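Have a look at the structure below, then the notes.
The values are calculated or read from the model by the stated rules, or taken from the named source; none is laboratory data. Computed from a prediction, not measured in an experiment: that's the story for all the values here. Heads up, the Cβs are rebuilt from the backbone with ideal geometry, glycines too, and the neighbour counts pull from every protein chain shown. Surface accessibility is based on the protein's heavy atoms, side chains included, excluding ligands, DNA and RNA. Shrake-Rupley method; radii C 1.70, N 1.55, O 1.52, S 1.80 Å.
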Amino acid sequence: TMAAAFSVRSLLAAAPHRARCRARAPSRHHPQAMRLTRLAFLLLCAGLGDGRGLGDGRRMGQAASPRRALVPISLEAARLVLGPNPTREQLQYHWASFGSVFEKVSITWFGPLILAYLADGAIIGPIQATVAGTMAATYFVWGPAVAAYSRGSLLVTRSSSAALFFGQISAVEESVDDSNARILELVIDDGTPQVRFIIWAPWKSEYEAIDVGKPACLLVLRAGYGPFAKTNLVSECYLPGEGLYFGEYPDLNRQEFELLISSVAEEHPGIVLSDAGPDAGD
């Protein structure tokens with residue numbers, strides 16, 4: 001320590017002379033003076049420090065490697081997961097509620113009648129009425145397919161990048177909407193405030209198993225680059241510990257999504273898919 005302090009004093013004592021030399025010949029002596037100043041600072045920290053060097057231990061090699069949260073995937077993999085054809089869960093979504101069934105039945109039955117009335121009044125031609133009437137009569141078939149395509153393959157086409165987000169549930173909030181229906185919201189992040197997603201869904205009894213600390217995975221589509229990038233899609237989330245999907249709309253082809261997660265987890269051992277909740281040790 002004394003030798004280090006002596007070296008530091010010698011170097012600092014020579015600094016005014018070097019400063020005068022730098023004023024006369026800045027291009028030749030300036031880099032050397034900067035190097036000597038850095039060396040003096042390093043020796044001061046090493047000789048007079050408290051044994052921690054330039055770090056505090058936690059930021060050095062003693063800390064565990066950070067968990068990788070966003071894992072980029074190809075757009076082809078995203079297109080396979082979001083597929084052009086509606087899944088069974090998507091068809092159930094479009095036919096499970098009274099409102100969606102009433103909408104499709106109304107268009108299917110009343111659409112052709114209205115178009116026939118317009119054709120009789122010479123408001124539209126017979127060919128247009130026939131084509132539009134056929135589309136209205138078959139709306140219950142192609143309607144869900146168009147909805148699945150608009151939230152799936154079409155968004156992939158308009159996106160520039162795709163990634164899987166592996167995080168954990170940091171908050172579970174329950175509320176009531178205007179129709180007094182129970183709504184559940186999950187806040188999913190990677191343990192830092194930089195990346196956070198909020199997913200909501202109508203309450204179901206199977207969601208009782210959801211708790212803070214559970215690992216979750218979802219698909220994110222982005223369009224654009226840099227500060228002009230925007231998020232096109234944040235899909236429903238998958239809770240691997242419970243084998244449960246959570247979200248307002250079933251975006252994912254679940255079989256393909258689980259295969260994709262398994263392959264990505266094998267390539268990146270740092271990804272956490274096990275239960276990290278308070279009951280993980282039970």
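A DSSP coil position with no more than 14 other Cβ atoms inside 10 Å describes the following trypsin sites (Lys or Arg not before Pro) in segment 185-282: LYS204. Model label sites at SER150 and ALA181, defined 7 Å from Cα along the beta-carbon direction, differ in position by 1.8 nm. Think of a 1.4 Å ball rolled over the protein heavy atoms: segment 142-282 then has 51 Å² of accessible area per residue. Please give the FRET efficiency for SER205 paired with THR108, using the beta carbon to beta carbon distance and R0 = 25 Å, rounded to the nearest 0.05. E between SER205 and THR108, to the nearest 0.05, is 0.15.
Structural descriptor for segment 82-146: relative contact order 42 percent, calculated from alpha carbon pairs under 8 angstrom and at least 6 residues apart.
Using only the heavy atoms of the protein chains and a 1.4 Å probe, how would LEU186, LEU260 rank by accessible area, largest first? Write out the running numbers ahead of the final one.
Values: LEU186 0, LEU260 30 Å².
From most accessible down to least: LEU260, LEU186.
The charge dipole of segment 141-282, taken about its Cα centre with unit charges on the Cβ atoms of Lys, Arg (+1), Asp and Glu (-1) only, comes to about 800 debye.
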